[in-house]
1. If you keep only loop residues by DSSP, which trypsin sites (Lys or Arg not before Pro) in region 334-385 have at most 14 other Cβ atoms within 10 Å of their Cβ?
2. Could I have the simple spin-label model distance between GLN435 and TRP157, label points 7 Å from Cα toward Cβ, reported in nm to one decimal?
3. To the nearest 0.05, what FRET efficiency results for ASP100 and ASP35 with a Förster distance of 45 Å applied to their C-beta separation?
4. Can you tell me which of 221-227, 276-282 comes out highest on packing, and rank the rest after it, using the mean Cβ neighbours within 10 Å?
5. For a paramagnetic label modelled at 7 Å from the Cα of ARG380 toward its Cβ, which residues of region 326-350 fall within the zone defined by backbone nitrogen distances under 15 Å?
6. How many nm separate the modelled label positions at GLN186 and ILE170, each set 7 Å beyond the Cα in the direction of the Cβ?
7. Does region 23-140 classify as rounded, prolate or oblate by the C-alpha gyration tensor (a ≥ b ≥ c root eigenvalues; a/c under 1.5 gives rounded; else a/b over b/c gives prolate, otherwise oblate)?
8. Hey, could you grab the Kirkwood Rh for region 116-172? Inverse mean 1/r over distinct alpha carbon pairs, Å, one decimal.
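None of the figures in this text is laboratory data; all of them are computed from the coordinates on show. As the structure is a computational prediction, the values presented were derived from the model and not from experiment. Glycine gets a Cβ as well: all are built from the backbone with ideal geometry, and neighbour counts include every protein chain shown.
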Amino acid sequence: MEISLFLGLPIQKAVFALNDLAYIKASPPVLGLKDQDTEWVTIEYSIPKPSIDDWIGVFSPANFSASTCLPESPRAFPPLLCTAPIKYQYANYTNPTFKDTGKGLLKLQLINQRSDFSFALFSGGLLNPKLVAVSNLVAFSNPNAPVYPRLAQGKTWNEMTVTWTSGYGINEAEPFVEWGPQGGEQKHSPAGTLTFDRSSMCGAPARTVGWRDPGFIHTSFLKELWPNSVYTYKLGHRLFNVIFGDMGKDEADGSNEYNNFQRGSLNTTKQLIRNLKNIDIVFHIGDICYANGYLSQWDQFTSQIEPIASTVPYMIASGNHERDWPGTGSFYESMDSGGECGVLAETMFYVPADNRAKFWYSTDYGMFRFCIAHTEHDWREGTEQYNFIEHCLASDHFQNQWGGIAFKNYGRSTKLTLPSMATVHNYERTCPVYQNICTNEEKHYYKGPLNGTIHVVAGGGGASLSEFTPIQTKWSYFRDFDYGFVKLTAFDHSNLLFEYKKSRDGEAEDDLGSPIHNLVARNVLPQAECLFKLTTHKLPSNGLLLFGNQDWFIVAFINFQSAEH
């Protein structure tokens with residue numbers, strides 16, 4: 001078998017060591033014959049001198065050769081190949097006899113990512129890989145198919161958008177959505193198309209080992225929608241008079257990926273899916289998928305949330321792991337985005353911002369007005385974003401609505417004079433506090449004005465958990481070192497139920513009675529950003545669900561004010 005592959009490593013330790021006695025085979029060769037977007041493949045392999053360090057990499061496109069390696073930044077983590085595998089798994093995973101026999105069988109889950117796949121068997125571990133064998137090609141029957149739809153609020157209350165990814169450019173096919181009332185007349189709405197290339201990235205690994213063709217991102221607007229109505233939609237591309245549509249982050253198969261520290265995210269996602277009939281809208285405020293420059297992870301994430309995002313609006317904001325890169329206009333000069341510098345977040349999802357590069361916006365949904373700020377742009381007094389927050393929080397907006405604000409810091413005029421925040425991945429709730437003093441000793445039921453603000457850390461969405469400080473304080477009422485989310489249910493404009501639920505089983509661990517007039521979900525250490533999720537709940541009116549980041553920073557500030565104020 002002739003193999004024209006070359007693996008180069010920045011540390012120049014790669015060895016091209018194909019072995020005639022080693023092999024790796026993948027089956028079935030064709031996936032998605034029934035229009036599936038996700039399929040399992042079986043990998044069979046053998047190596048004459050096995051080791052516990054042997055591993056298998058999943059590559060897409062299948063030809064992962066690279067003639068040069070651009071300089072790496074400290075943000076590029078092992079395996080340090082010129083073309084990074086989408087994910088990898090050790091050869092002895094689920095194969096306890098591999099070290100003795102050199103033979104193994106592995107099942108891996110693939111999603112449609114607009115290109116073919118190959119599997120490579122390596123010895124030498126992750127830092128000194130030796131290419132031993134390369135598999136046959138595996139591909140989806142229609143790699144260009146429209147996949148992973150995500151709904152979002154439009155710029156008006158009766159407008160919705162649907163965004164999806166495909167392999168068809170505007171010169172190949174015309175994207176559209178067929179939609180209408182359930183059981184009623186359907187109409188066609190055209191879609192706009194965006195994409196970007198390697199030069200759009202700001203640095204490594206996004207521009208080097210993490211680069212992957214993103215395909216094309218399409219967005220269509222569904223307008224003049226009626227409240228309390230059910231609509232259906234299909235994605236389509238008009239291609240030579242043939243229309244096809246109707247589609248289907250952690251790794252469900254247990255394999256490894258870059259930035260591999262969000263194991264808890266699957267449980268949180270599963271709980272939302274199980275309760276989807278009671279969810280109206282989701283807000284995921286920053287640190288979306290922690291791709292950090294490895295672009296294939298955005299496909300993995302949109303695939304993971306598809307059951308949610310294709311059914312209810314999935315609104316996002318941009319955090320440090322999406323935006324921050326030196327010299328690109330981000331407020332913090334860190335390298336946390338891995339060279340993405342906001343391009344992926346601004347392209348993969350729609351938000352009703354006046355300018356996507358200025359990722360702050362407001363949107364009305366039911367009894368709620370949401371004001372979404374962006375901590376990675378300047379938010380200090382006198383800036384454009386500060387003025388936006390001040391306007392969005394103007395009291396005349398909340399006469400008949402609960403108000404939600406997600407941001408980092410704000411002035412005393414909103415009674416949200418707060419310190420800077422930081423990385424906290426756990427759950428903690430305080431007493432109603434004002435100027436460091438608890439204003440109410442009640443722990444579970446509140447009625448009337450609180451004269452203070454309840455602070456909630458909701459950082460257990462999925463990322464590695466953070467230990468609590470050993471310092472004991474009077475204002476800390478409840479702590480939990482586990483994954484979970486907070487659910488808020490508004491019964492009317494004055495009564496709100498607060499519940500903290502475990503991601504593992506959805507059971508309530510902490511709760512507060514209503515009404516709650518000021519609620520702030522946030523972190524409690526210096527240097528922070530927004531990251532949590534909000535979801536309205538249909539019991540019996542509108543409600544709110546918020547849960548924290550799957551990794552890194554979480555700070556969210558929610559100020560709920562009833563009409564009585």
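1. ARG380
2. In this crude spin-label approximation the distance works out to 3.9 nm.
3. Values: r = 42 Å, r/R0 = 0.93.
Step by step, r from the Cβ atoms, then E = 0.60.
4. Taking the mean over residues of other Cβ atoms within 10 Å, the ranking is 276-282, 221-227.
5. The answer is 330-333.
6. With each label placed 7 Å out from Cα toward Cβ, I get 2.6 nm.
7. Working: a/c = 1.95, a/b = 1.06, b/c = 1.84.
Here region 23-140 falls in the oblate category.
8. It works out to 15.5 Å.
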